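Colleague: Submitted below is the structure of interest, expressed as structure tokens.
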Amino acid sequence: MVKPAAQESARLGGKVRALRRRETLSQVQLAERLGISPSYLNLIESNRRPLPSALLIKLAQTFGVELSSFGTDEDARLVSDLMEVFSDPLFESHGLISTEVRELTATSPSAARAVLALYRAYQGARESADTLASQLSEGEDLSGIERSRLPSEEVHDLMQRQMNYFPELEAGAESLWKEAKLQGDELYVGLVRYLEKHHGVQVKVTRWGADNSNLRRYDPTLKLLTLSELLPTRSRKFQLAHQIGLFRMKSALQKISDDPRLTTPESKALARISLASYFAGAVLMPYAPFLQAARDERYDLDVMGRRFRVGFEQVCHRLTTLRRPGAEGIPFHMIRIDVAGNISKRFTASGIHFARFSGACPRWNVFAAFMTPGMIRIQHSRMPDGIAYFCLARTIHKDSGGYHAQQPVMAIGLGCQAQYAREMVYSDGVALEPEMATPVGVTCRLCERESCEQRALPSLRRPLHIDENVRGLSLYAMGNGARNVP
């Protein structure tokens, strides 16, 4: 069995080789730059010698990369994404195992990312073909269905790479409080005053339906910002701060959204919108006071929401951004889903992995939240890798158009590794012993728990044989008519 230290060395050896090849350097040339012998460099790249910290720093300087690029979090996400890709029945006959996927990521990370991009393109083409077939039968317009990757996925990856923390936007929010002399009790009035004084923008609250049912609309010609009367006060403040972010932080938003991994104008525009929302959250919930409140109240979401006059989702989202060096909050993950299980928002700082190409595990408490609307549900869970998590979930209602409009209901899941659970008020009275944790997974195809009664798909681990004479609670659960063939 490979020990963790050896696995880490393997990852770094592959990274060194990949960087050297990217710069078209021979081992002799790179060894000369590093001041070591070619034979020693060969041992490092072959994973037979560890990479000392001093040499690691010199490598980062030589190749002009950040030390964080040698970290393992991105590798772990890449391995997880690739394992999910290879769980597609398309690859079932190839017999791929997790060790081979890890070796690919370690030795050829660029090739691994290329495989991931290729699968995304394939998936997009497959979805487009389905859409095309449907539209051909219905006689509808066929334009705009050739996209191979959703802009939302590219923006999500940008946020994840930054660990959902943008110091320039935090600094901009803090300077706004000082410059506009904002006060918590009169934040709405202060933001309206700032827009008028510094940007010449008037704010008007309009009746529902008077502006084509828009919740917020800015007219640059008239310099008029209209907000719908349906927005509660907390949402009006958020929209005001969002618009200020588009004005005040324009250069910062543009700089961040110029990331080359945002490949389309739509991705870049969506990134600017997401970043302006990040800024708005930082304005409504300033970093230092919000972090202090979280610690004082042991992350009581309702108390924090009332103190800062924001909604449940806003509090949860803001908690995922508390990553300031030296002043970090609990590393949370967050997910938002609808009743059909579609994931519209996800972020992870806890180490948990979310399904990107297939359905999520139905045993997550975020799905059970729909059965008890408005109530917080607690779950102590354990993933197949043995890591335990403490999670809570609750439904929310999105702002809508009145009695006759549909009332969109979504669920928010917020969680962290179980080692942080006692810092939260929700863990009071909860048994956190390992044997009490609920077994959960990422997605059925990747889950090792082959006897799960909620299994909806066969496990990728081994070929499946169905006994037609036996039927249990799940067709694919071991002992319920299914068994693996060695």
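The values are calculated or read from the model by the stated rules, or taken from the named source; none is laboratory data. Computed from a predicted model, the values in this text were never measured in an experiment. Neighbour counts are summed over all protein chains in view; Cβ atoms, including those assigned to glycine, are modelled from backbone coordinates with ideal geometry.
Colleague: When the stretch 203-223 is examined, which residues are found to be modelled with pLDDT of 95 or more and surrounded by 14 or more Cβ atoms within 10 Å (Cβ to Cβ)?
Modeller: The answer is Val203, Tyr218.
Colleague: Yes or no: Thr395 of a type in the set (S, T, N, Q) and in a loop (DSSP other than H, G, I, E, B)?
Modeller: On the way: of a type in the set (S, T, N, Q): yes; in a loop (DSSP other than H, G, I, E, B): no.
Taking the combined requirement at face value, the residue does not satisfy it.
Colleague: When you check Arg363 against the structure, is it more than 22 Å from His397 (Cβ to Cβ) and surrounded by fewer than 21 Cβ atoms within 10 Å (Cβ to Cβ), yes or no?
Modeller: Yes: the conditions hold for Arg363.
Colleague: Return only the number of the condition from (1) within 25 Å of Gln162 (Cβ to Cβ); (2) assigned to a strand (DSSP E or B) that Arg217 does not satisfy.
Modeller: (1) is the only condition that Arg217 fails.
Colleague: Determine, yes or no, whether Leu82 is in contact with a helix residue (DSSP H, G or I) (Cβ under 6 Å, 6 or more places away or on another chain), under 21 Å from Val115 (Cα atoms) and either of a type in the set (Gly, Ala, Ser) or modelled with pLDDT of 75 or more (or both).
Modeller: On the way: in contact with a helix residue (DSSP H, G or I) (Cβ under 6 Å, 6 or more places away or on another chain): yes; under 21 Å from Val115 (Cα atoms): yes; either of a type in the set (Gly, Ala, Ser) or modelled with pLDDT of 75 or more (or both): yes.
So Leu82 fits the description; yes.
Colleague: Looking at the stretch 269-318, which of its residues are closer than 16 Å to Leu414 by Cα, touching a residue at least 24 places away in the same chain (Cβ under 8 Å) and either hydrophobic (A, V, I, L, M, F, W, C) or assigned to a helix (DSSP H, G or I) (or both)?
Modeller: Ala294, Leu301, Phe312, Glu313, Gln314, Val315, Cys316, His317, Arg318
Colleague: Please name all residue pairs, on different chains or six or more residues apart, with Cβ atoms under 6 Å, provided the first residue is in the stretch 18-47 and is closer than 11 Å to Thr62 by Cβ and the second residue is surrounded by 13 or more Cβ atoms within 10 Å (Cβ to Cβ) and among the basic types (Lys, Arg).
Modeller: Leu30/Arg20; Leu34/Lys58
Colleague: Within the stretch 134-174, restricting attention to residues that are among the aliphatic types (A, V, I, L, M) and under 30 Å from Arg113 (Cβ atoms), which residue is modelled with the lowest pLDDT? If you could, list the steps in order and put the result at the bottom.
Modeller: Here is the first cut: in the stretch 134-174, the residues among the aliphatic types (A, V, I, L, M) are 136, 142, 145, 150, 155, 158-159, 163, 169, 171, 173.
Then drop every residue that is not under 30 Å from Arg113 (Cβ atoms), which leaves 145, 150, 155, 158-159, 163, 169.
On the way: Ile145: 44, Leu150: 76, Val155: 93, Leu158: 92, Met159: 93, Met163: 91, Leu169: 98.
In this case the residue turns out to be Ile145.
Colleague: Right, Thr107: at pLDDT 60 or above and under 26 Å from Cys447 (Cβ atoms) or not?
Modeller: Numbers: at pLDDT 60 or above: yes; under 26 Å from Cys447 (Cβ atoms): no.
Criteria not met by Thr107.
Colleague: List every residue pair whose Cβ atoms lie under 8 Å apart, where the two residues are 6 or more positions apart in sequence or sit on different chains, the first residue falls within the stretch 224-238 and is farther than 14 Å from Val192 by Cβ, and the second residue, located anywhere, is among the hydroxyl-bearing types (Ser, Thr, Tyr) and at pLDDT below 95.
Modeller: Ser228/Thr206; Ser228/Ser213; Glu229/Thr206; Leu230/Ser400
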